[in-house]
Amino acid sequence: MPTLFTDPRSGGVKKSSGVNVLPIVGETWAQIRDDANAEFDWLIASFDGASKTDITVIASGAGGVGACSTALPDNCACYGGIRTENGRFVTFYYVPEGCPVMQRGRGCKERTHIMSDDDESGRKRPNILVTGTPGVGKTSTASLLAETLGFKHVNVGELIKKHKFYDGRDDELDTHILDEDKLLDLMEAMLQECADEGAGVVADYHACELFPERWFDLILVLRTKTEVLYDRLTERGYGEKKRSQNMEAEVMQVVLDEAREAYDAEIVHEVPSNTVEEMESNVERCRQWVQQWVANNKS
């Protein structure tokens, strides 16, 4: 059977997998939200023909849930919006069994944004993501940065553990398999709550390509010398295989390359993270950057 909110894992969703919502989607959704309009009370939006990025309206009409459900496609992911009989507005993301895996990933990553009325460009404070290989000092840097700026610190790894966002375990890699769907849902709500309160966020996690590009204004990729990283991972009690895999990822700059592919190059910054002094320097540079961002984005 087809499912709603299917697991978005697709081998990594990159920047090129982002979506571009065409104006007709917002225009049609506005008509549906107009109680005086009897012509439309539902719409279905999906990828425009062979496009891998453009989202357009593929069906719309009147007849509520019943009419909308019969118009759902059987070969592609889609978004929908319905005005119910009692005047409520319902949005959904639908994935049929025949949906291509990569399209499923692109669609699910942005599912909470397609039918949104929120204007995220109005945020009063920026959001920052601190990322890098395990052991480079992400949480220490993010914690100090959030404290310095007065921002909310979101330790994504701890969030996952707290809510048990797992979908099995990879015994070979000695790690849990992340349920990205549940994580993204929770973080979307957390970031929106902070935006509503006029607060900024500093998040830290060892991966970055799973997050929607629109969430963050600055990506800080921490880099550490191999000898320093080796000692840190050993102190954490990492086994030989797990330690070697992370060492190799750092040498091959895996996280940095992922960040450059998933976000605009101008917001991705590579910084050293070997000593306390370097961490403090990174925080100070970020403080200055935030100060300028706020000045540039005053309404």
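For residue 225, neighbours were defined as the other residues whose beta-carbon sits under 12 Å from its Cβ, and their charges (Lys and Arg +1, Asp and Glu -1) total -2.
Modelled this way, with points 7 Å down the Cα-to-C-beta line, the labels at residue 236 and residue 193 are 2.7 nm from one another. Listed peptides 212-223, 265-276 appear in the order 212-223, 265-276 once ranked by packing, highest mean of other Cβ atoms within 10 Å at the front.
With each label modelled as a point 7 angstrom along the Cα→C-beta vector, the residue 175-residue 248 pair spans 1.3 nm. Projecting the Cα atoms of 215, 279, 194 onto the dipole axis of the range 186-299, where Lys and Arg carry +1 and Asp and Glu carry -1 at the beta carbon, places 279 farthest toward the positive end.
Within the shell of other residues whose beta carbon sits under 14 angstrom from the beta carbon of residue 38, the net charge comes to -3, with Lys and Arg scored +1 and Asp and Glu -1.
So how strong a dipole does the range 168-235 carry about its Cα centre when Lys and Arg Cβ are +1 and Asp and Glu Cβ are -1, to the nearest 20 debye? Spell out each step's value before the answer.
Numbers: 6 positive and 19 negative charges, 69 e Å.
Value, rounded to 20: 340 debye.
The 1.4 Å probe gives accessible areas that order 230, 94, largest first, as 230, 94. Summing Cβ point charges (Lys, Arg +1; Asp, Glu -1) relative to the Cα centre of the range 220-286 gives a dipole of roughly 340 debye. Across the range 201-283, counting alpha-carbon atoms alone, Rg and Dmax equal 13.6, 37 Å. Between residue 33 and residue 270, the distance separating the two model label sites (each 7 Å from Cα on the Cα→Cβ line) works out to 4.2 nm.
How charged is the neighbourhood of residue 146? Take every other residue with its Cβ under 10 Å from the Cβ of residue 146, and add Lys/Arg as +1 and Asp/Glu as -1.
Spelling it out: positives minus negatives among the neighbours equals -1.
The slack between residue 22 and residue 281, meaning 0.36 nm per residue of separation minus the straight C-alpha distance, is 89.0 nm.
Sorting 136-143, 83-90 by their mean Cβ neighbour count within 10 Å, with the most densely packed peptide first, gives 136-143, 83-90. Which pairs in the list 182/225; 164/241; 52/152; 162/298; 138/162; 52/225 are over 28 Å apart, alpha-carbon to alpha-carbon? The answer is 182/225; 52/152; 162/298; 52/225. Overall, the anisotropy analysis places the range 144-238 in the oblate class: the square-rooted eigenvalues a ≥ b ≥ c of its C-alpha gyration tensor yield a/c not less than 1.5, with a/b not exceeding b/c.
About the centre of its Cα atoms, the range 129-271 shows a dipole size close to 580 debye [charges on the beta carbon of Lys, Arg (+1) and Asp, Glu (-1) only; nearest 20 debye].
The values are calculated or read from the model by the stated rules, or taken from the named source; none is laboratory data. Remember, it's a predicted structure, so these values are computed and weren't measured experimentally. FYI the Cβ positions are ideal-geometry reconstructions off the backbone, even for glycines, and counts take in every protein chain you see. Ligands, DNA and RNA are stripped out before the accessible areas are found, and what is left, the full protein with its side chains, is counted by its heavy atoms. Shrake-Rupley method; radii C 1.70, N 1.55, O 1.52, S 1.80 Å.
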